[in-house]
1. Apply the Karplus curve 6.51 cos²θ - 1.76 cosθ + 1.60, θ = phi - 60°, to the phi angles in the range 221-228 and return the couplings in whole Hz, x for Gly and Pro.
2. Provide, in order from the shortest bin, the percent of all Cα-Cα pairs of the range 47-102 in each 10 Å bin, continuing until the bin that contains the maximum pair distance.
3. How high is the relative contact order of the range 106-178, in percent, counting Cα pairs under 8 Å that sit 6 or more residues apart?
4. Inverting the mean 1/r over all pairs of different Cα atoms, compute the Kirkwood radius of the range 164-244 and quote it in Å.
5. Regarding the range 6-159, what are the three Cα extents along the principal axes, ordered largest first, in Å?
6. Which semi-axes, in whole Å and largest first, does the equivalent ellipsoid of the range 11-299 have when worked out from the alpha carbon gyration tensor as the square roots of 5 times its eigenvalues?
7. Using a Cα-Cα cut-off of under 23 Å, which lysines could be cross-linked to Lys35, ignoring same-chain neighbours fewer than 8 residues away?
8. Highest GNM mean-square fluctuation, the chain, Cα pairs closer than 10 Å: which of Asp101, Asp261, Asp234?
Amino acid sequence: MTARALHHGAILCATAAVPDLDMALADYHDRLGLKIVFKGTVPDAQALSWDAPAIAGNRQAVLQPTSGAQSYIRLVEQPLADGFRATQTYGWAAFELSVEDAFSWPTALEGSGFDIVGPPRHIAGLDHLIAMQMVGRGQEMIYLNEVRDNTPTTDLPKAQSPVDLTFICILAAKDRQAATDWYCEKLGLDESETHTIPYSSINRAFELPDTHKTSLTMVHKGRMPIIEVDGYPDIARERPTVAGQLPPGNSILTLAVVDLDAIPLEPITNIQRAENAPYEGRRSATFKGSEGELIELVEIS
C-alpha cells in the first residue's frame, strides 16, 4: 500500500503528554522497540505554537519505528492533570499503531507502564485486523492492531517491524458530523463509511451497557485511513487541561500537507521551522479543530 509515502493527509506524528519522560521511554523504547531519533527540550516558539507556553523547556523525545517509516511518536513531559482518565473526554482519544503478532504483546509488556485494558482479540465482522487496547503512564490510549488484510474501501498497513507506523487517530467528538465536515472542508480529506457498533472501550469508560452503540465515521484520503471520529455520549466532558499546558493524554496529531498556505485557517501562532524529526526543516503550523483538538500540519511539498 502507499500509506508509508508522505503525501497529503499522511499521519506524520502522534504526540502524548507523559508525567515522566524516562519512564515513558522505558515503555516506548525498551519495550515497544521504537528507536529514539531526537531528545531535547521544547523551544519557546514550539510551545507557543501548541498554545502551551507553560511547557517551554520541558523535556521531549521523538521515536520512530525500526521499519524506517516516516511516522513518529513524540513524548512531551508534563504533570498528569488531576482526575484525567483515558477515553472519558472530548479530543484525541487514541493512537492506533500497526504491529506484528498482536497476541504476543500482553506477555512482552508485563511489568511495563502500559495497562492493557483490551486484550488482543478477533472482532466479529472485522476479519482484517486483531485489535488490542492499552493505556500508558500519561493516560494516553494506544491501540496495537495487527493488520491481516485490506478492506473493500481501505488500504491498511501491515507492520514491517514489531511496532510500526501510526495509521489511525481517534477523535472523541460532541458533534461527530461537524467534526467530520471540518476535516473534509478545511484539510481536503474525504468522508468514508459510518458504522454504528457496540464500542467496548467507550461502554467500559462510561459504565454503559454492553449493548450500547456508538456511531463512528472514518475520514480518509482516498483509500488511506487517517481519523476515526467517534460520537461520544452526552456524559463525556471537556478535557481537564491546565492553562498553558498541552491537553493530557493523547495531545496532538501531526499530518503532512502539500501546501500549508492553502489551508483556510488561522494558525495558533506564526509558521514554524525546526530541523529535528518530524519536521526535517519543513514549515509547520498548529491549528485547533472543531472540538478544540490540536492539529499540527507539516508542509511536504
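1. Result, ordered by residue: 10, x, 8, 8, x, 10, 10, 9 Hz.
2. Histogramming the range 47-102 at 10 Å steps yields 15, 38, 37, 9, 0 percent.
3. Working: 84 pairs, mean separation 13.7, N = 73.
It rounds to 19 percent for the range 106-178.
4. Details: mean 1/r = 0.0728 Å⁻¹.
By the Kirkwood definition, the hydrodynamic radius is 13.7 Å.
5. For the range 6-159, the Cα spread along each principal axis is 46, 37, 30 Å.
6. Numbers: eigenvalues 131, 98, 78 Å².
So the three semi-axes of the range 11-299 are 26, 22, 20 Å.
7. Within the straight-line limit of under 23 Å, Lys35 reaches these lysines: Lys158.
8. Residue with maximal mean-square fluctuation among Asp101, Asp261, Asp234: Asp234.
Bear in mind these aren't lab numbers, they're just calculated from the coordinates by the rules spelled out. Values in this document were obtained by computation on a predicted structure and should not be read as measured data.
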